[in-house]
């Protein structure tokens, strides 16, 4: 039986981070993962992360995965793939199936970072080919370069459903609608807004009645539900689609922890059954730790920090970390984790209907019900001056832990007083129009406006992550926040820069009175 100081189960964000911290402190460390590629969800996440520098904000998920893998390799962490852990016992014996062989390993400490699995929802036709999990669609697109379908309905308006809807659009799919049985958008409003402004409709308080088809889906019918989630007759809506994506939540994969005798609790706010863990990831079983979604569903940024804490705690448990060093490292990571757990989307506020931002601004009802902030509501949040020249328009309307816009601005034009505060403009500093804030915003919620470029026209600079990138001189239409056509538009400039990290900047020329409404561009051939 081969022995390791530390065995980590799962090579996702939490597992890799845990292994790195253990190896840094001299632990002989191995990671087992059942997949053929390491990185877990990170390599499917092509969007930019929220948070601050400490949380790797504005870096795309797959890049973070590459960085973690390189760091782990440099520290001598052994990563064993296509290795399914099928047993974990109280004496920290780990049973692994590798190919046709079943092997036994012994760890002096074990960290379980198995993540979560997608939930399902059942309706007539749910078993037809073409009904898939949103995570499966993401795997097809972002790992294998395969579009899951041509016309897609997304069920679920949480962060997973919203992020994957946008990535489906980027892959060239048509998203016919986003539906959710909940009465309000559950994910970040900026994620919903960037989907809505492309023309995708949202149907809240709606769910699927049935999917139709023969050898695969060819149509789906949804209907409105009442407060008891019962269908309301006469509200049916039928869409011709070839794919239905389900983003209806995640459940922690804590089976191994149960097998090891760890105490498990049913906590709906954390996603279901989760292990009882201390502040450092320690379970009720001696020397066994848990980190990431297996101990409660959160974002990947939180999973990485939980992994780091568990890795340091495992090193301390084995006597590889002196107390002073341990306490300092744990405190630093706990502070970073606490920052991510603030604001409207804090774990302790799940399910709450938040009516006001931390600044006392009434939240957008339109955003929650339709996916976008309407023209009347947006004035509550924006603070752009009417001075000549460039001015950033920041349409971030919720208290999300994020501040890269502040950090990238070379002129300190943007203020974010705490990580979850709404960004505000510094009225004493003039914007140069460099566009770094537009490109760095993970929610694509910042725009640059030059209000008078002559002849009664204005320029609006948008974040743009679609191919092909329109060219200077291209003619088309500008869409508003609701995805409806607001005016004709012409491309003034298309900027590509390594500093923008593939968030291209598209500057469109529109009538000056439409500068506050134009938020997306469709070329003439795509209209």
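Could we say that residue 433 is under 29 Å from the mean Cα position of the chain (by Cα), modelled with pLDDT under 95 and farther than 22 Å from residue 364 by Cβ here? Yes.
Would you call residue 32 closer than 30 Å to residue 319 by Cβ and either over 18 Å from the mean Cα position of the chain (by Cα) or not assigned by TED's automatic domain parsing to the domain that holds residue 501 (or both)? Yes: the conditions hold for residue 32. Within the range 11-24, identify whether any single residue is assigned by TED's automatic domain parsing to the domain that holds residue 302, buried (at least 23 other Cβ atoms within 10 Å of the Cβ), modelled with pLDDT under 95 and in a loop (DSSP other than H, G, I, E, B), and answer yes or no. Scanning the range 11-24, I find no residue that is assigned by TED's automatic domain parsing to the domain that holds residue 302, buried (at least 23 other Cβ atoms within 10 Å of the Cβ), modelled with pLDDT under 95 and in a loop (DSSP other than H, G, I, E, B), so the answer is no. Set side by side, the residues 352, 375 differ, and just one is under 24 Å from residue 188 (Cα atoms), surrounded by fewer than 14 Cβ atoms within 10 Å (Cβ to Cβ) and not assigned by TED's automatic domain parsing to the domain that holds residue 447, which is 352.
Among the residues of the range 476-503, the ones that are assigned to a strand (DSSP E or B) and free of Cβ contacts under 8 Å to residues at least 60 places away in the same chain come to 13 in all. Where strands (runs of 3 or more DSSP E) fall wholly inside the range 230-321, the ranges with 1 or more residues that are under 30 Å from residue 165 (Cβ atoms) are 237-239, 243-246, 250-252, 264-267, 272-275. Would you call residue 150 over 16 Å from the mean Cα position of the chain (by Cα) and either within 19 Å of residue 521 (Cβ to Cβ) or buried (at least 23 other Cβ atoms within 10 Å of the Cβ) (or both)? The answer is no for residue 150. The residues on offer are 365, 408, and the sole one that is in contact (Cβ under 8 Å) with a residue 24 or more places away in the chain, surrounded by fewer than 21 Cβ atoms within 10 Å (Cβ to Cβ) and within 24 Å of the chain's Cα centre (by Cα) is 408.
Counting only strands (runs of 3 or more DSSP E) wholly contained in the range 82-189, the ones carrying 1 or more residues that are modelled with pLDDT of 95 or more and under 30 Å from residue 503 (Cβ atoms) occupy 116-118, 131-133, 151-155, 174-180. Just one of the listed residues (125, 130, 40, 76) is touching a residue at least 40 places away in the same chain (Cβ under 8 Å), within 16 Å of the chain's Cα centre (by Cα), more than 30 Å from residue 422 (Cα to Cα) and not assigned by TED's automatic domain parsing to the domain that holds residue 423, namely 40.
For the range 302-319, state whether one or more residues are over 30 Å from residue 442 (Cβ atoms), at pLDDT below 90 and either touching a helix residue (DSSP H, G or I) at 6+ places or on another chain (Cβ under 9 Å) or not assigned by TED's automatic domain parsing to the domain that holds residue 22 (or both). Checked against the condition, which is being over 30 Å from residue 442 (Cβ atoms), at pLDDT below 90 and either touching a helix residue (DSSP H, G or I) at 6+ places or on another chain (Cβ under 9 Å) or not assigned by TED's automatic domain parsing to the domain that holds residue 22 (or both), the range 302-319 yields no hits at all. Restricted to the range 505-524, and to residues there that are surrounded by fewer than 19 Cβ atoms within 10 Å (Cβ to Cβ) and closer than 13 Å to residue 471 by Cα, the residue that is nearest to the chain's Cα centre (by Cα) is 522. When residue 182 is tested against (1) surrounded by fewer than 22 Cβ atoms within 10 Å (Cβ to Cβ); (2) touching a helix residue (DSSP H, G or I) at 6+ places or on another chain (Cβ under 9 Å), just one condition goes unmet, and that condition is (2). Taken as a whole, the structure places residue 329 among residues that are surrounded by fewer than 24 Cβ atoms within 10 Å (Cβ to Cβ), under 19 Å from residue 56 (Cα atoms) and either assigned by TED's automatic domain parsing to the domain that holds residue 24 or at pLDDT 95 or above (or both).
Within the range 458-475, being surrounded by fewer than 20 Cβ atoms within 10 Å (Cβ to Cβ) and part of a strand (DSSP E or B) holds for one residue alone: 475.
Only a single item in (1) under 21 Å from residue 95 (Cα atoms); (2) surrounded by fewer than 24 Cβ atoms within 10 Å (Cβ to Cβ); (3) touching a residue at least 40 places away in the same chain (Cβ under 8 Å) is not met by residue 262, and it is number (3). Does the range 274-291 include one or more residues that are surrounded by 15 or more Cβ atoms within 10 Å (Cβ to Cβ), in contact with a strand residue (DSSP E or B) (Cβ under 6 Å, 6 or more places away or on another chain) and closer than 30 Å to residue 209 by Cβ? Checked against the condition, which is being surrounded by 15 or more Cβ atoms within 10 Å (Cβ to Cβ), in contact with a strand residue (DSSP E or B) (Cβ under 6 Å, 6 or more places away or on another chain) and closer than 30 Å to residue 209 by Cβ, the range 274-291 yields no hits at all. With respect to the conditions (1) farther than 24 Å from residue 378 by Cβ; (2) touching a strand residue (DSSP E or B) at 6+ places or on another chain (Cβ under 7 Å), residue 479 lacks only one, and its number is (1).
Which of the residues belonging to the range 25-60 are in a helix (DSSP H, G or I) and either under 20 Å from residue 309 (Cα atoms) or touching a strand residue (DSSP E or B) at 6+ places or on another chain (Cβ under 6 Å) (or both)?
40, 41, 42, 53, 54, 55
Regarding the range 329-346, can at least one residue be identified that is touching a helix residue (DSSP H, G or I) at 6+ places or on another chain (Cβ under 9 Å), at positive phi and not in a helix (DSSP H, G or I)? Yes, the range 329-346 contains a residue that is touching a helix residue (DSSP H, G or I) at 6+ places or on another chain (Cβ under 9 Å), at positive phi and not in a helix (DSSP H, G or I).
The values are calculated or read from the model by the stated rules, or taken from the named source; none is laboratory data. The shown structure was predicted, so the numbers you read here are calculated from the model rather than taken from an experiment. Reconstructed Cβ throughout: ideal geometry from the backbone, glycine too, with neighbour counts over all protein chains shown.
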